[in-house]
Amino acid sequence: LRHHCPLINPYTTRWLNLSSKSVKCTNPRITEVTPVAGPPEGGTRVTIYGTNLGLTFSDMVDNVEVADVRCAPVEDGYIIAEQIVCEMAEAPAESRPGPVQLCVGECKPELKTRSSQLYSFVTPTVTGLSPSRGPESGGTKVTIMGENLGAGSSVNVQFGNQTCEFFGRTMKEILCYSAPSLSGVGPVQISVSVDHAQIRESLTFEYIEDPTVLRIEPDWSIASGHTPLMVTGTNLDVVQEPRIRVKYAGRESVNVCKVLNTTSMSCFAPSLLAEYLPGLDTVKHADEFGFIFNNVQALLVYNNTNLLYYPNPYFEPLSTTGVLEQKPGSPIILKGRNLIPLVSGGVKLNYTVLIGETPCSVTVSESQLLCEPPNLTGQYKVLVQVGGLHMSPGAVHIMSDSLLTLPAIVSIAAGGGLLLIIVILVLIAYKRKSRENDLTLKRLQMQMDNLESRVALECKEAFAELQTDINELTSDLDRAGIPHLDYRTYAMRVLFPGIEDHPVLRELEVSGNGQQNVEKALKLFGQLINNKVFLLTFIRTLEMQRSFSMRDRGNVASLIMTALQGRLEYATDVLKHLLSDLIDRNLESKNHPKLLLRRTESVAEKMLTNWFAFLLHKFLKECAGEPLFMLYCAIKQQMEKGPIDAITGEARYSLSEDKLIRQQIEYKTLILNCVNPDNENSPEIPVKVLNCDTITQVKEKILDAVYKNIPYSQRPRAVDMDLEWRQGRLARVVLQDEDITTKIENDWKRLNTLLHYQVSDRSVVALVPKQTSSYNIPPSASISRASISRYDSSFRYTGSPDSLRSRAPMITPDLESGVKVWHLVKNHEHGDQKEGDRGSKMVSEIYLTRLLATKGTLQKFVDDLFETLFSTVHRGSTLPLAIKYMFDFLDEQADKHGIYDTDVRHTWKSNCLPLRFWVNVIKNPQFVFDIHKSSITDACLSVVAQTFMDSCSTSEHRLGKDSPSNKLLYAKDIPNYKSWVERYYADITRMPAISDQDMNAYLAEQARLHSTEFNMLSALNEIYSYVSKYSEEIVSALEHEEQARKQRLAYKVEQLISAMSLES
C-alpha cells in the first residue's frame, strides 16, 4: 500500500502497524462513479472507484453522500482502498444533481474528497414495446421503449407473474426474453421497475398459440445442404430468428430460415456432414430433424417428415491436364454423376455455372451438364455452384478467332493478290470441268430419285397385284378346295420323312410258310409292347447303347407311335414317363434348363413330335391349314411374278438374301392363250407368263393355271408334256429349253426363253403329250438327248419331301462338251466373268430393298398364320386339348423341380410345340398339302420359319448392320409377335385344367378314328429288328428291373426271340 500513502503524512511512521486503530491513508481520490443517474425513489446501487478509499469498511459507514442524499455503503461491494458500493436513500423532491462526497473515518480536510462527475435524479418512463405478441412457449426477444430506462443499477420486467429474462438496456430501451406463459394464450400486463421506482404506464403483451409446421417441400436435399426448402405452417411470423437443424452421426448442423408470412417461410437445408466423403453415394436419412423457433420445444424434433439426403453431384475433371480447349460458341459439357436426384415430382437442383465471373445458361441431364458459354476468349476457371457446393472441375481455354496483326495482314494481302491471279486462272479451267460434273451429278440424282420412286412404286404395285390375285385365289378356294393330304400320307411324311413306301403301310409278308407263326409271335410281342414296364425298359436300354444312332432313335419313336396308334392313352402315359425322365436327366447333368427339348436327341423328343402330329391333324385341317396354304400360295405367286433363274433358283422377288437375283433383269409379262387340253373347242385359258421364262417354267405355269383345283400328284408332269406354239391352223412349233437354236458363247449355253423364240403377247399355245420323235433336237453330238432329259428331270419332283431342302439345280458342265448351262445369271463362282460384272457385284446390295418389297406384300399372310397359331380361340375352333394338356404337364414338372423362372417355362413350351412341330410344318407345307415346293419357295418359307422361331425365343436379339438379312427383315415385327406368344401361353395357363378322364376319352376317340391307318404287325416286325439286335442288353436290363422280374418279362422276351428265330 506504500504508493497510496505519501511520506509527508503525519501518520507515516505507523503505517505498517495495521492493528493500531488510528492508521489512515490520507488524500482519498474518486476516479469514476457509475451510474451517474437514478430514480429519486432510491434503491440505486452506486459504485465509486478511486484510490485511498479507506483501509476498512467501517471507515466508510455513514460517510458517503451522493448529490446531498445519504448513500449507505454495502459491505459486499467494498474493495479496500479501491471501490465502494452504496445504496441510495430516497431523495427529497426537487433534488438537484450533485457530486459524490465521502470521508475516510473522520471528515478532516486531508481525509475528505468529492467526484468530478455529477449524479442526477431522473424519472424512467415507458412508451411501448415490440413485438407485442409471441408464442406461449416464450423465448420472444421483447424490446420495451421509453425514456431514462438506462438509469439506476437494476431493472426488473414482469409479464404477469413471470419475470422477463433481462438481456440488456440503453437509456431508450430494455431488451428481455419472454418466459413461457403460465395461463396459456391471451394478453398479460407488463410491469417495469428501475431500482425502487415502479413505472406507472401500463403495457400489454399477448401470448398466442405456438407456431406449427404442416409441410416441408421438397423433403430432400443433397449431402452438402443449402437446398431451398419451403415450410408451411401456422403463426410462423412470430418466430424471430427461425433456424432449421439436423443431427446425423452425432453431429448437429443448423441453417437459417426467412419468414415470408404467417403461414410460410423459406429455409436452406443444413449440411449432413462437415465435409463430403467420397463414399456417400447412397441416400441417407437424418437421425434428427427439426426447427429452432424461439423457445418452442415441440418442433426441435419434427417427426412428420424425415429429411432425405441424396448424394452430392460429382463432376469429372474437364480434362487430364485440367484445361479444356474449346472453340468459341461450342457448348462446354461437364460429365458427372448424381446430377439429378432420383426424386419423384421432377424437382431439380438449381445449378449456377460460372466461366470466370460470367454465368452461362445451363441444361442438366442425369449424367451431364451442358453449358452455353458467353462470348469470351482466353482461359477461365469453371465454377459450379449447387446448394452449398462450390466445385471447380478445371479451367477452360476458349481459343480466340485469332485477330491478325498488321504485318500479318500486309503479308497476307500480298500473298492473297498473287493467289488471286492463280485462282482466276484455275477457275476458268475449273468452270468447264464443273459444268460437266454438275450434269453428271444431276444425272446421278435423277437416277437416285428414280430408284427411290421405283422401289416405292414396286412395293405399291406388287401389293395391289398380290391382293387382287389372292382375292381371285381365295374366291376359287373354299375350304374344301385346299388339297389336304389324307391322314395316312400326312402322318407318314412327318413320322418317316423321305420314305414314300414304308413297310407299316403294307401287309406283313413272310417268305416261306411261317406266316402264321410269325404273326402269332408278333402278337405276343404286341402284348409286351403294351406292357409299360417292358416298353420303358426297352427304350431306356436302347438309348444307352452307343451304336443306337440319332436316326435309329427317330425311327424307333415313329415305329412305336404307329404301333400304338390304336392305344393313344397308353402311348401318352409312356410319353409322359419318358419326358419326366428326360427332364430329370437334363437337370441332373447341370445342363441349362432352357436346352430341354431343343434338339431331337432322344426317343421321347421324336415321340412328342409324332404325338402332336397325330393329335393336331384335325386342327391343321380345320383351322391352321388355311392360313398356311394361303401363305404358300402367296409366296409362290409372288415369286412367279418376277423372273426366277431356272438353274440357280434365284428370284427377283424373294425373302431370302441367298436366293435374290442381284441384277436388273429386263422382262415383260405376257398373256398366253392356252388351248384347253380336255376340250379343244372350249374357250382358251389365259395364262400369265414372263418373256424371260424358260420353256419348262412356262409349262409349269400353264399346268398351274389349267389344273389349279387339282392336287399336284394328280396333274400331268411338265417333263411329260411338250409346248406347242400355234401360228394359224397348221403351223405348230414345239418349244424346248434346248434345241438347235440354243445360243452358245464362250462355253456358256443359255436356255431358251419365250423371248428367244420371240413369242408375242396373246399367242396361242397348247400342251400336248411328249412326242417320241426328236425333230427339234439337232443331230450333233454336242447336245445330246440325254443332257436335255437330265436337265428336265432336275425339275421333276419324284423324290421324298426331304430331298427338296434347298434343292437348287447345280451348274454341271455337259459331260461330253464341257459347256456350262445358264439362264438369267451366270454363277459368280466361275471365275471367267468380266471385270465389269465384278464391279456390279460389289454394289448388288442395292437390290436388298427388294426383300422389303416382297416382305411387305406377304406381311398379311405371315401375320394371319402367326395369329392363328398363337391364339387360343381362332376362327371358331377351340384350342386342341393336346396343347393344353402338354403345357400343363410341363408346368407340373417345373413346379416339381422348383423352377419358377418364367423364361425357362416359356422356353420349354416353345421347344415342345412351336419349334418341334409348327416350324417343321411351316418349312414343309408338302407334309400337309398335295403340292410341289420349289427351291425358291423353300428358301422363303425358311425365312418365315426362322422369324417364327425368333418370336418364340425369350432372348433379346441385338441387331446391327452385320446381322443376317432375314433377322433384320422382321426385326420390327418380332417384338409384336413375341407379345402374341406370351399372351398365348398366359391364356393357355389360365384355361381350366383338363381332367385325365376327359383327356383319355379324347385320346380314345382319336385312336378309334385312325386305328386302321397303319399295319400293326408290320410296325411290330420293324420294332422287333431292334429287339434282336440288342437282345442280350434288353434281357439283362429286364432281369435287373424289380417289376420286370415279378412279371417274368425277360423269360417272355427270350421266348419271343426263339419263336422269331425259328422262322427266320
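Among the residues of the range 246-263, is there at least one that is free of Cβ contacts under 8 Å to residues at least 24 places away in the same chain, surrounded by 17 or more Cβ atoms within 10 Å (Cβ to Cβ) and in contact with a strand residue (DSSP E or B) (Cβ under 7 Å, 6 or more places away or on another chain)?
Yes, there is a match, as at least one residue in the range 246-263 is free of Cβ contacts under 8 Å to residues at least 24 places away in the same chain, surrounded by 17 or more Cβ atoms within 10 Å (Cβ to Cβ) and in contact with a strand residue (DSSP E or B) (Cβ under 7 Å, 6 or more places away or on another chain).
Which residue pairs have Cβ atoms under 6 Å apart, sit 6 or more places apart or on different chains, and have a first residue in the range 565-580 that is within 12 Å of LEU608 (Cα to Cα) and a second that is outside any helix (DSSP H, G or I)?
Matching pairs, first to second residue: ALA571/LEU564.
What is the one condition in (1) out of contact with any Ser or Thr (no Cβ under 9 Å at 6 or more places or on another chain); (2) of a type outside the set (A, V, I, L, M); (3) buried (at least 19 other Cβ atoms within 10 Å of the Cβ); (4) closer than 29 Å to GLN997 by Cβ that ASP895 does not satisfy?
Of (1) out of contact with any Ser or Thr (no Cβ under 9 Å at 6 or more places or on another chain); (2) of a type outside the set (A, V, I, L, M); (3) buried (at least 19 other Cβ atoms within 10 Å of the Cβ); (4) closer than 29 Å to GLN997 by Cβ, only one is false for ASP895: (3).
Counting residues that are more than 28 Å from ARG169 (Cβ to Cβ), which strands (runs of 3 or more DSSP E) fully inside the range 191-238 reach at least 1? Quick ask: steps written out before the conclusion?
Values: elements: 203-208, 212-217, 220-222, 228-234.
Qualifying strands (runs of 3 or more DSSP E): 212-217, 220-222, 228-234.
Just give me the residues in the range 531-569 being within 14 Å of TYR1024 (Cα to Cα) and surrounded by fewer than 19 Cβ atoms within 10 Å (Cβ to Cβ), in sequence order.
Within the range 531-569, ASP552 is the sole residue that qualifies.
Test each condition in (1) assigned to a helix (DSSP H, G or I); (2) at pLDDT 85 or above; (3) under 21 Å from SER656 (Cβ atoms) for ALA882 and report the one that comes out false.
(3)
Any idea which of VAL759, VAL719 is in contact with a Lys or Arg (Cβ under 6 Å, 6 or more places away or on another chain) and in contact (Cβ under 8 Å) with a residue 60 or more places away in the chain? Working first, answer last.
Numbers: VAL759 fails: in contact with a Lys or Arg (Cβ under 6 Å, 6 or more places away or on another chain).
Going through VAL759, VAL719 in turn, just one is in contact with a Lys or Arg (Cβ under 6 Å, 6 or more places away or on another chain) and in contact (Cβ under 8 Å) with a residue 60 or more places away in the chain: VAL719.
How many of the residues making up the range 915-927 are modelled with pLDDT of 85 or more and out of contact with any Lys or Arg (no Cβ under 8 Å at 6 or more places or on another chain)? So that I can check it myself, show each step before the final result.
Quick first cut of the range 915-927, residues modelled with pLDDT of 85 or more only: 917-927.
From what is left, the residues that are out of contact with any Lys or Arg (no Cβ under 8 Å at 6 or more places or on another chain) are 917-923.
Number of matching residues: 7.
Going by the structure shown, is SER547 under 28 Å from GLN1055 (Cβ atoms) and either free of Cβ contacts under 8 Å to residues at least 12 places away in the same chain or assigned by the TED database to the domain that holds LEU690 (or both)?
Values: under 28 Å from GLN1055 (Cβ atoms): yes; either free of Cβ contacts under 8 Å to residues at least 12 places away in the same chain or assigned by the TED database to the domain that holds LEU690 (or both): yes.
Judged against the criteria, SER547 is a match.
Which of the residues that make up the range 32-56 are assigned to a strand (DSSP E or B), of a type outside the set (D, E, K, R), farther than 13 Å from ILE80 by Cα and out of contact with any Ser or Thr (no Cβ under 7 Å at 6 or more places or on another chain)?
Going residue by residue through the range 32-56, those that are assigned to a strand (DSSP E or B) are 32-34, 37-38, 45-53.
Of the ones still in play, those that are also of a type outside the set (D, E, K, R) are 33-34, 37-38, 46-53.
Now restrict to residues that are farther than 13 Å from ILE80 by Cα: 33-34, 37-38, 46-47.
The answer is VAL46, and nothing else.
From the list LYS442, LYS431, pick out the single residue that is among the basic types (Lys, Arg), surrounded by 10 or more Cβ atoms within 10 Å (Cβ to Cβ) and without any contact (Cβ under 8 Å) to a residue 40 or more places away in the chain. Can you show your working first?
Numbers: LYS431 fails: surrounded by 10 or more Cβ atoms within 10 Å (Cβ to Cβ).
Testing whether each residue is among the basic types (Lys, Arg), surrounded by 10 or more Cβ atoms within 10 Å (Cβ to Cβ) and without any contact (Cβ under 8 Å) to a residue 40 or more places away in the chain leaves just LYS442.
If you take just the strands (runs of 3 or more DSSP E) that sit entirely in the range 712-809, which of them hold at least 1 residues that are modelled with pLDDT under 85 and either under 55 Å from the mean Cα position of the chain (by Cα) or exposed (fewer than 15 other Cβ atoms within 10 Å of the Cβ) (or both)?
Working: elements: 721-727, 731-735, 748-750, 764-769.
Per the criteria, 721-727, 731-735.
Since LYS978 meets every condition but one in (1) out of contact with any Cys (no Cβ under 9 Å at 6 or more places or on another chain); (2) closer than 18 Å to VAL919 by Cα, which condition does it not meet?
Checking LYS978 against (1) out of contact with any Cys (no Cβ under 9 Å at 6 or more places or on another chain); (2) closer than 18 Å to VAL919 by Cα, the one that fails is (1).
Can you tell me which residues in the range 859-879 are surrounded by 20 or more Cβ atoms within 10 Å (Cβ to Cβ) and outside any loop (DSSP other than H, G, I, E, B)?
Taking the range 859-879 first, the residues surrounded by 20 or more Cβ atoms within 10 Å (Cβ to Cβ) are 861-862, 865-866, 869-870.
Within the range 859-879, PHE861, VAL862, LEU865, PHE866, LEU869 qualify.
The values are calculated or read from the model by the stated rules, or taken from the named source; none is laboratory data. The shown structure was predicted, so the numbers you read here are calculated from the model rather than taken from an experiment. A quick note on method: Cβ atoms are made from the backbone with ideal geometry, for glycine too, and the neighbour counts reach across all protein chains shown.
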